[in-house]
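Chemist: I am attaching a structure below and will ask some questions about it afterwards.
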Amino acid sequence: MNAVEKISADSLLGGRSVLPQAPRSGLEWVEIVRHGLSSQALDSILKSIGISQSELAQALDIPERTLARRKREGVFSREESAKLLRLARVAARAAEVFDDLDLAISWLKSPVAAFGDVTPLSLIDTDVGADSVMDTLGRIEHGVFA
């Protein structure tokens, strides 16, 4: 994707082909997460951000076998859906800050000094870690970190 395209969490998760409607607010996301994301969202986010299912399982702290089972069952649990959305929101925010999805994914996969030389992707398994990544992206956007 180039810099001109707007990358959003819902587009990374498959957009209208996967979501029942395009969420316009946080409250609409709550309903989607409560009902569970379609397993098609997994394929979409893997393709969109170019990571393996194994990398995704580790980043979200969801066992690979569980991901495979959810693909067969067709829907993720509430908690798993929230984790997938959290990753999509962080990736979309990184794409916005770096103005390029490929640069954003590269940054998410690279060790960052601000995180003690661990990758931002490795922090997304918790809300606190994801918040730290989002905060750092805000700092980068405002020129606080080079």
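Chemist: Look at region 126-146 and say how many of its residues are in contact with a helix residue (DSSP H, G or I) (Cβ under 7 Å, 6 or more places away or on another chain) and either among the aliphatic types (A, V, I, L, M) or modelled with pLDDT under 95 (or both).
Modeler: The qualifying residues number 7.
Chemist: Determine whether region 102-112 contains at least one residue that is touching a strand residue (DSSP E or B) at 6+ places or on another chain (Cβ under 8 Å) and either without any contact (Cβ under 8 Å) to a residue 12 or more places away in the chain or of a type in the set (S, T, N, Q) (or both).
Modeler: So the first thing to find is which residues in region 102-112 are touching a strand residue (DSSP E or B) at 6+ places or on another chain (Cβ under 8 Å), and the list is 111-112.
Right, trim to either without any contact (Cβ under 8 Å) to a residue 12 or more places away in the chain or of a type in the set (S, T, N, Q) (or both) and you get 111.
So far as region 102-112 goes, yes, one or more of its residues are touching a strand residue (DSSP E or B) at 6+ places or on another chain (Cβ under 8 Å) and either without any contact (Cβ under 8 Å) to a residue 12 or more places away in the chain or of a type in the set (S, T, N, Q) (or both).
Chemist: Can you tell me which residue is nearest to Ser11 (Cα to Cα) among those in region 38-74 that are without any contact (Cβ under 8 Å) to a residue 40 or more places away in the chain and hydrophobic (A, V, I, L, M, F, W, C)?
Modeler: Leu46
Chemist: Also, quick follow-up: Could you check, for region 78-97, whether at least one of its residues is over 13 Å from the mean Cα position of the chain (by Cα) and either over 24 Å from Asp131 (Cβ atoms) or among the aromatic types (Phe, Trp, Tyr) (or both)?
Modeler: No, every residue in region 78-97 fails to be over 13 Å from the mean Cα position of the chain (by Cα) and either over 24 Å from Asp131 (Cβ atoms) or among the aromatic types (Phe, Trp, Tyr) (or both).
Chemist: Going residue by residue through region 127-145, is there one that turns out to be over 23 Å from Val18 (Cα atoms), of a type outside the set (A, V, I, L, M, F, W, C) and not in a helix (DSSP H, G or I)? Steps first, answer last, please.
Modeler: We begin by selecting, within region 127-145, every residue over 23 Å from Val18 (Cα atoms); these are 127-145.
Right, trim to of a type outside the set (A, V, I, L, M, F, W, C) and you get 127, 129, 131-132, 135-136, 138-139, 141-143.
Subsequent filtering for residues that are not in a helix (DSSP H, G or I) retains 142-143.
Looking through region 127-145, at least one residue is over 23 Å from Val18 (Cα atoms), of a type outside the set (A, V, I, L, M, F, W, C) and not in a helix (DSSP H, G or I).
Chemist: Pick out the one residue from Val128, Val144 that is aliphatic (A, V, I, L, M), surrounded by fewer than 13 Cβ atoms within 10 Å (Cβ to Cβ), closer than 22 Å to Trp29 by Cβ and out of contact with any Lys or Arg (no Cβ under 7 Å at 6 or more places or on another chain).
Modeler: Val128
Chemist: Continuing with the same structure: Within region 22-37, restricting attention to residues that are part of a loop (DSSP other than H, G, I, E, B) and in contact (Cβ under 8 Å) with a residue 40 or more places away in the chain, which residue is nearest to the chain's Cα centre (by Cα)?
Modeler: Leu37
Chemist: Can you find even one residue in region 78-100 that is modelled with pLDDT of 95 or more, surrounded by 14 or more Cβ atoms within 10 Å (Cβ to Cβ), of a type in the set (S, T, N, Q) and at negative phi?
Modeler: Yes; the residues of region 78-100 include at least one that is modelled with pLDDT of 95 or more, surrounded by 14 or more Cβ atoms within 10 Å (Cβ to Cβ), of a type in the set (S, T, N, Q) and at negative phi.
Chemist: I would also like to ask the following. Sort out which residues of region 45-63 are under 12 Å from the mean Cα position of the chain (by Cα) and not in a helix (DSSP H, G or I), and write them in order of number.
Modeler: Scanning region 45-63 gives Gly50, Ile51.
Chemist: Among the residues of region 113-146, write down those that are without any contact (Cβ under 8 Å) to a residue 60 or more places away in the chain and of a type in the set (Gly, Ala, Ser).
Modeler: Result: Ala113, Ala114, Gly116, Gly129, Ala130, Ser132, Gly138, Gly143, Ala146.
The values are calculated or read from the model by the stated rules, or taken from the named source; none is laboratory data. None of the values given here were measured: they were computed from a predicted structure. Methodologically, a virtual Cβ is constructed for each residue, glycine included, from the backbone with ideal geometry; neighbour enumeration extends over all protein chains shown.
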